[in-house]
Structures are given as C-alpha cells and as structure tokens.
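Report on one structure; see the data block that follows.
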Amino acid sequence: MTKHQHDFQPSTNSQPLLEIHDLRTYFFTRDGTVKAVDGVSLTVERGQIHGLVGESGCGKSMTAMSILRLVDKPGRIVSGEVLFKGEDLLKKTRHEMTAIRGKQISVIFQEPKSSLNPVLRVGTQLIEVLRIHEGKQRTIKRKDAVEQLRSVGIPDPDRRVENYPHEMSGGMAQRVMIAMGMACAPDLLIADEPTTALDVTIQAQVLDLIRKLRDEHEMGVILITHDMGIVAEMADIVTVMYAGTAVEEAPTVELFETPLHPYTQGLIASIPVMGQVKERLEVIPGNVPNLIDMPPGCRFAPRCKARIEHGLTRCEVEEPHMIEAKPNHFVRCWLYEGES
Amino acid sequence: MASYLARRLTLAIPVLLGILFVTFSLTRLLPGDPCRSALGEKATDEICDAFNDRYGLNDPIYEQFRIYISDVLHGNLGESLKFGRPVTELMVERLPVTLELSFFAMLFAVTVGIPLGVISAYYHNSSIDVGTMIWANIGVSMPVFWLGLMLSYVFGVVLKDTPFWLPPTGRLTAGQSIEPFYVAWGLNVDGDALTLPGFIANINTLNALLVRDWDGFVDAFKHMVLPAIAVGTIPLSIIARMTRSSLLEVLGLNYIRTARAKGVREMGVVVKHGLRNALLPVVTIIGLSLGSLLSGAVLTETVFGLSGVGRILYDSITGRDYTVVQAFTLIIAVFFVFINLIVDALYAYLDPRIRLE
C-alpha cells in the first residue's frame, strides 16, 4: 500500500498552497439550520495529495464547494478563512472568483457523464476553459483540445474531440473532465469522488492519471472519497470527517497504522481484508446524526464504543478539541485530550 | 437526419387523409341547409334543387366524398357555396392576413418571452422574478378581445396626435397602397398562375420589402403592432413561464455546476449552458402556439377589422359553406404538420442525443 507513496516533505519556510481555518457552511432551511460544514481546518501543500474521507453526507463535498465558493442557496459560508496562496478566497469579489475557478483551482466531479453538457461537443467544452482563462479567442483551436485529450490518454483524440458526451463511456468522460480540469495547469485540483461511478479497472487508470499529472505539475490535490482503499493508495495526508467536522488528520501511513479516533478505527476495521475470512464485516453501529439537531458534545459519542469502554462522561456534554496527540497527528477526541 | 424528416413527412399523409375525412363528415353532420344559408330563407325548392345539383349535394354522401378527394388530389379545392368563387381565391385573400399576424405575434412572444423567462430564472425568487411572473400570469388570464379593445382604445384613441399613436384597425391606411411585387418586377402573370404571387403580394410587409417601399412597410407594420400584441400576449406569457421553469430545472443539474467550476460567468452559465438545454419544452410550446395562431383568431380579427382565417372559418361554419370549411381546415392541418416537422428538426438540432434515434 505504500509503494506509490509520494516522498512528501512539508515545506516549512514557504506558505502552504491552501489553508482552511475553521470553515463553516450552513444551510438555512425551513426545518432548521443544517450545519453541513462545521469548523473544518486543513492544509494542502504543493505536490501533495490530501485525502478527505468520511461517510456520505459528512460534508466532504461541501467543504470542496466552499473552497470554490460554489455553495448553492439556501447554503452560505458563515465563517472561516480559505487562504489560497496566502489570500482569503472568501474575501474575493465574484469577478475575481470566476477568474480563479478553472484556472488556478479546478474540480473533477463524481459522475462524469452527467457533469458534461449533453448538447455541446467535448472539444467545445474543452476549448471553452482555455478561451475563458487564456484569453486567446482566435488562436485557440480544435488542435489544442485534441492535445488536451491526448495528454489524458484518450485514444484517437482527433475523432473523440467531435464526440458528444453521450457517445463516450464513463471512464472516457472522466478523462475528458480531467483534461478540462488540467487545461490551465491549475495549482490545486479538487477531485470529488472521481472514481465512484467507474469500473474498478477504469478506477485504477484514472487514479494513476491523477497521480501522474500531480507529479508533472507539482499541483496540490484534494481527493474526496469514501473509499479507504483509494485513500491508502493515493493520499499523502488524510483528514477524516464526521458529521460536518474533521475528527482526525495524519499522514496516511501513520493513520492506517495507528488510527486514534474511534471513528477512524471503525472505518479501518470495516475494510474487508483479502484472504481473511470473517463471519460478518465489521460495522460501526448507529447512524450519522441529523445535521440539524447535532448532539451536544462529541458528534460521534452516540455511536462510540470506546466512550463506554473507557467510561468517559464528558463526551456527551462537551465538544472535544482538535489536538496534536502525536507529532503531525491531530485528533478530536476526549480520549487523548490532556495527554499531550 | 434527412431520412428522419422524410419518415415524418410520410407519416403526415395518413394524418391529412384522416383530417379530410373528419371535416367532410362533420360539416355534413351539422344540421342546416347550405342552400338556404347561401341564398336566403325565401329560396324556393326548385332553386335549391338546382343549387344542390350544381354543387353535387344531391349525390350520395360516399359519392360526394369520392369526388371531393379526387378534386383535392388534383389541386382543386372547389367553389364557395356562398360566394360562388373558387376557394383558392378566398385563401389568397385571407391566409396572408393570418400568416402575417401570426408571424408578428410569435416574433413578439418569442423575443420578449424567452428573455423574460431567462431573467426570471437568473434572479430566481427575487422581486424581479416575482414581478415578471405576476405579469406573465396576468397575461395568460387576459381575455384577448378585452386586451384588443384596450390596446386600440389606448393607442388609437387616447394617444391620438402623439407620436405613440398606432392605427387601431385595418391593414393599411386608407389611400395607401403597395405595388404588388410581380407588377413591380414586370412579371407577366395572370389567371391560375397568379395564385402564388398574389398570395405573397398580399402579405403586405413582405411585399413592401420585396419592392423596397419603406413607407408602405412602415404603414403595414404599424397596423400589425396592436393585433400582434393582442394575440401574442398569451403565448408570450406561456413561453416566459415555460422558459423559467425549464431553465430552473436545468440549472440544478451537474453540468451547470461543472460550468461554474470552470470559471464561466454566471450569465454565460445560464445562457450558453442552461438555455439550450432548457429550450426543448419551450420549442414545443412555440410550435403549438403558432399552430393555434394560424387557425385564426376570430375575436382579435373582429376587434381590429382584419379579414383573416378566423372570421371566414366562423362565417362558413355558421353559413354551412362546406367547401370553405373543408379547405381552410385542410390548410390549417397542413400548417400544423409542417410546424411539427420544423419542431422535430429543431429538437434534433438542439439535442444531439435525439439525432441518433
């Protein structure tokens, strides 16, 4: 699992590519306030793949959309800082944000076929990104689009550039999405469940491609997934999210070897291991809490076995803080608070 | 694409035959006597017998139908029972009025309705959106004849002697005439050969453009403005509402998120990525509205003193003028088929996924 690990050295002297501080994105609905992202902090360095894992609805995608300020109504980013190359994206004007999207930060979405416009040729959609950001209206031609398609390994790009999305397979469409994301050589790529809708063999190809492009362009990647296997394979550093907040952050090897948070432990235990026969797969009992009526205290407390084993009482009353339990290993759990 | 349209065209043949059969039977099922409708209550039985004999109305129904079909296939639509003139002549007079009116009404409805719908969707749930939709709902529920009367009153009477005055009735100012294009071009046509040129020349605005008579064009156009607004308001409101709801639906889809993430400006997202996808249902509505406009608007034509299809159809039905009813119904059906064909072609143009099927 570590053979592809990138030799990542955190740079201490220069500023990180992306720093999120205490980001909160709430949805104001009739039924109440949905705290989709509730105090997430994370850092992405250049050339680093930062995995963001958690169950569906834990706020992974909303964190990504908040970085780009593409939160749909009734959602709103209520507080926090998103420092991209030292500048707070939340303070940019709308105009400045459109200039950043697709150029410096781009996204690959989960369902490639529905993420491409069905009535425009893929070539047209590719050229559009270049025209918006490179500003060379006339000089950008079909051949640039063909080049982009070739660079993501699409066979016969000369013909494919004329295709409509419905004429492509899912894997092919995802390559087009990646080509679109990479067209302007962004500094940060957000891959939101890029392989969830794809076959396993295609998954590997797409992940390889993302890794290769990362190596070539030294860009930072935020890889959002619920698949612990993909995280283990791809990420340099992992943030585990639960119910809108980050509960643990550690370098990948460290996280898989010594997961600290009971939720992370549960996630890792639930990965089936090849060759190991089990009566039943491990599951974490209970459900993700309702994001409107969040339990007071630790959000994981109602499902937490460790809480009972250790006889902790304050879990249900007081929310734990994100602390550095070990060097570079952060966790939000009462089990470790006071130890460091 | 061509074969697709050819197939659709072939399918239109049984549709038109069916229409012929239905209108033929329905006109004959109507109670009433064409002879006395045409010649008056005092017509004697001998006169009516001669009348019926002349128009073949004494033949058995199936024989009448056979003759009728054969005539239609030979391009002969017959003679009006009431006016004693060939129906084609009546069409050359009446159809251009309705065509012109429908064209301008639809132009008005589309050029105003679609942008209104887009603006409404763009400013979704804002006061602009609410305001636009309130007006659209008023537009849908407005009685056309009342709107027509109000428009002619305001623009024809209240604003008289101001630059905003618009003629409330007729097709051209009295004394104004536009030279038919075939005369101006020195074409030597008369008799049956005159049917098509006469038809085109009777579309005043088009004829004025062909002969470059700008004063005539402006005059003819001014006469069209009020009736076009009157009959265009309902389609406009429907188009605006349909554009809005269809666009709002599309704007929630994944590829719109992609467009935003690519850095496309919001207007570009709505118009380039959203609108084209949202247009399919709107095109359907436009086609249907245009079809119903072409079948004439009796009330509007009456209010604005226009002699179009609506009035002649109404008069011929009440007057049991079988041939006129049949001929005009047939031509309206042809329009419908033709419009549907265009709508289908537009579908395929707008959405490449349809081209494959």
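Just checking, does the stretch A:211-221 include any residue being in a strand (DSSP E or B) and either touching a helix residue (DSSP H, G or I) at 6+ places or on another chain (Cβ under 9 Å) or not basic (K, R) (or both)? Quick ask: steps written out before the conclusion?
In the first step, residues of the stretch A:211-221 are kept if they are in a strand (DSSP E or B); the result is A:220-221.
Next cut, either touching a helix residue (DSSP H, G or I) at 6+ places or on another chain (Cβ under 9 Å) or not basic (K, R) (or both) only: A:220-221.
Scanning the stretch A:211-221, I find at least one residue that is in a strand (DSSP E or B) and either touching a helix residue (DSSP H, G or I) at 6+ places or on another chain (Cβ under 9 Å) or not basic (K, R) (or both), so the answer is yes.
Mind listing whichever residues of the stretch A:77-98 are at the interface with another protein chain (Cβ under 9 Å from one of its Cβ atoms) and either farther than 24 Å from A:D38 by Cβ or in contact with a strand residue (DSSP E or B) (Cβ under 9 Å, 6 or more places away or on another chain) (or both)? Write out each step before concluding.
Going residue by residue through the stretch A:77-98, those that are at the interface with another protein chain (Cβ under 9 Å from one of its Cβ atoms) are A:94-95, A:97-98.
If the condition is that a residue be at the interface with another protein chain (Cβ under 9 Å from one of its Cβ atoms) and either farther than 24 Å from A:D38 by Cβ or in contact with a strand residue (DSSP E or B) (Cβ under 9 Å, 6 or more places away or on another chain) (or both), then A:R94, A:H95, A:T98 are the ones that fit.
Output the number of the condition that A:R175 fails; it satisfies all remaining conditions of (1) more than 14 Å from every other protein chain (Cβ to nearest Cβ); (2) touching a helix residue (DSSP H, G or I) at 6+ places or on another chain (Cβ under 6 Å); (3) open to solvent by less than 40 Å² (accessible area, probe 1.4 Å).
Only one criterion in (1) more than 14 Å from every other protein chain (Cβ to nearest Cβ); (2) touching a helix residue (DSSP H, G or I) at 6+ places or on another chain (Cβ under 6 Å); (3) open to solvent by less than 40 Å² (accessible area, probe 1.4 Å) is unmet by A:R175, namely (2).
Scan B:M106, B:M91 and give me the residue that is among the aliphatic types (A, V, I, L, M), crowded, with 18+ Cβ neighbours inside 10 Å, closer than 26 Å to B:F21 by Cα and touching a residue at least 60 places away in the same chain (Cβ under 8 Å).
Answer to the selection: B:M91.
For the stretch B:1-21, which positions are of a type in the set (A, V, I, L, M, F, W, C) and touching a helix residue (DSSP H, G or I) at 6+ places or on another chain (Cβ under 7 Å)?
So in the stretch B:1-21, the residues of a type in the set (A, V, I, L, M, F, W, C) come out as B:1-2, B:5-6, B:9, B:11-13, B:15-17, B:19-21.
If the condition is that a residue be of a type in the set (A, V, I, L, M, F, W, C) and touching a helix residue (DSSP H, G or I) at 6+ places or on another chain (Cβ under 7 Å), then B:M1, B:L5, B:L9, B:A12, B:V15, B:L16, B:I19, B:L20 are the ones that fit.
Within the stretch A:99-157, considering only helices (runs of 4 or more DSSP H) that don't extend past its boundaries, which have at least 2 residues that are touching a helix residue (DSSP H, G or I) at 6+ places or on another chain (Cβ under 7 Å), surrounded by fewer than 21 Cβ atoms within 10 Å (Cβ to Cβ) and away from chain B (no Cβ under 13 Å)? Even if it seems obvious, please write down each step before you answer.
Details: elements: A:112-115, A:122-134, A:142-151.
Here the list reads A:142-151.
Looking at B:D161, B:D219, which one is assigned to a loop (DSSP other than H, G, I, E, B) and among the acidic types (D, E)? Working first, answer last.
Details: B:D219 fails: assigned to a loop (DSSP other than H, G, I, E, B).
Selected residue: B:D161, the only one of B:D161, B:D219 that is assigned to a loop (DSSP other than H, G, I, E, B) and among the acidic types (D, E).
Given the conditions (1) touching a strand residue (DSSP E or B) at 6+ places or on another chain (Cβ under 9 Å); (2) at pLDDT below 90, and given that A:E216 satisfies all but one, which numbered condition is not satisfied?
Answer for A:E216: the failing condition is (1).
Among the listed residues A:P302, A:P296, identify the single one that is at pLDDT 80 or above, at negative phi and part of a helix (DSSP H, G or I).
A:P302
With a cut-off of at least 2 residues that are open to solvent by 90 Å² or more (accessible area, probe 1.4 Å), name the helices (runs of 4 or more DSSP H) lying wholly within the stretch B:1-84.
Numbers: elements: B:2-29, B:34-39, B:45-54, B:61-73.
Those helices (runs of 4 or more DSSP H) span B:2-29, B:45-54, B:61-73.
If I ask for residues that are under 15 Å from B:L251 (Cβ atoms) and either of a type in the set (S, T, N, Q) or open to solvent by 10 Å² or more (accessible area, probe 1.4 Å) (or both), which ones from the stretch B:115-140 would you list?
Restricting attention to the stretch B:115-140, the residues satisfying the condition of being under 15 Å from B:L251 (Cβ atoms) are B:117-126, B:129.
Within the stretch B:115-140, B:V118, B:I119, B:S120, B:Y122, B:Y123, B:H124, B:N125, B:S126 meet the criteria.
Condition check ((1) under 30 Å from A:L126 (Cβ atoms); (2) modelled with pLDDT of 90 or more; (3) more than 14 Å from chain A (Cβ to nearest Cβ)) across all residues:
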| site | (1), (2), (3) |
| --- | --- |
| B:G274 | yes, yes, no |
| B:V283 | yes, yes, no |
| B:S289 | no, yes, yes |
| B:A297 | no, no, yes |
| B:G305 | no, no, yes |
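Restricting to the stretch A:158-167, give me the number of residues that are open to solvent by less than 50 Å² (accessible area, probe 1.4 Å) and away from every other protein chain (no Cβ under 12 Å). So that I can check it myself, show each step before the final result.
Looking only at the stretch A:158-167, we keep the residues that are open to solvent by less than 50 Å² (accessible area, probe 1.4 Å), and these are A:160-161, A:163-165.
Now drop any that are not away from every other protein chain (no Cβ under 12 Å), which leaves A:160-161.
Final tally of qualifying residues: 2.
Only one of B:V283, B:V231, B:V269, B:V303 is open to solvent by less than 10 Å² (accessible area, probe 1.4 Å) and in contact with a helix residue (DSSP H, G or I) (Cβ under 6 Å, 6 or more places away or on another chain). Can you tell me which?
Going through B:V283, B:V231, B:V269, B:V303 in turn, just one is open to solvent by less than 10 Å² (accessible area, probe 1.4 Å) and in contact with a helix residue (DSSP H, G or I) (Cβ under 6 Å, 6 or more places away or on another chain): B:V269.
Of the conditions (1) surrounded by fewer than 19 Cβ atoms within 10 Å (Cβ to Cβ); (2) of a type in the set (D, E, K, R); (3) at pLDDT below 90; (4) touching a Leu at 6+ places or on another chain (Cβ under 6 Å), A:E19 fails just one. Which one is it?
All conditions are met except number (3).
Out of the residues in the stretch B:313-322 that are assigned to a helix (DSSP H, G or I) and open to solvent by less than 30 Å² (accessible area, probe 1.4 Å), which is nearest to B:G296 (Cα to Cα)? Don't jump to the end; show me each part of the working.
Filtering the stretch B:313-322 for residues assigned to a helix (DSSP H, G or I) gives B:313-318, B:322.
Filter once more, keeping what is open to solvent by less than 30 Å² (accessible area, probe 1.4 Å): B:313, B:316, B:322.
On the way: B:L313: 8, B:S316: 13, B:Y322: 18 Å.
Among residues in the stretch B:313-322 that are assigned to a helix (DSSP H, G or I) and open to solvent by less than 30 Å² (accessible area, probe 1.4 Å), the one nearest to B:G296 (Cα to Cα) is B:L313.
Would you mind stating whether B:I229 is assigned to a helix (DSSP H, G or I), out of contact with any Phe, Trp or Tyr (no Cβ under 9 Å at 6 or more places or on another chain) and more than 14 Å from chain A (Cβ to nearest Cβ)?
Judged against the criteria, B:I229 is not a match.
Here is a yes/no grid of residues against (1) away from chain A (no Cβ under 14 Å); (2) over 20 Å from B:G310 (Cα atoms); (3) open to solvent by 10 Å² or more (accessible area, probe 1.4 Å):
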| position | (1), (2), (3) |
| --- | --- |
| B:L187 | yes, yes, yes |
| B:F199 | yes, no, yes |
| B:L209 | yes, yes, yes |
| B:W214 | yes, yes, yes |
| B:S237 | yes, yes, no |
| B:G252 | no, yes, yes |
| B:G263 | no, yes, no |
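The values are calculated or read from the model by the stated rules, or taken from the named source; none is laboratory data. Note that this is a predicted model, so its numbers are computed, not measured. Positions of Cβ are backbone-derived with ideal geometry, glycine not excepted, and every protein chain shown enters the neighbour counts. Heavy atoms of the whole protein, side chains included, go into the accessibility calculation; ligands, DNA and RNA do not. Shrake-Rupley method; radii C 1.70, N 1.55, O 1.52, S 1.80 Å.
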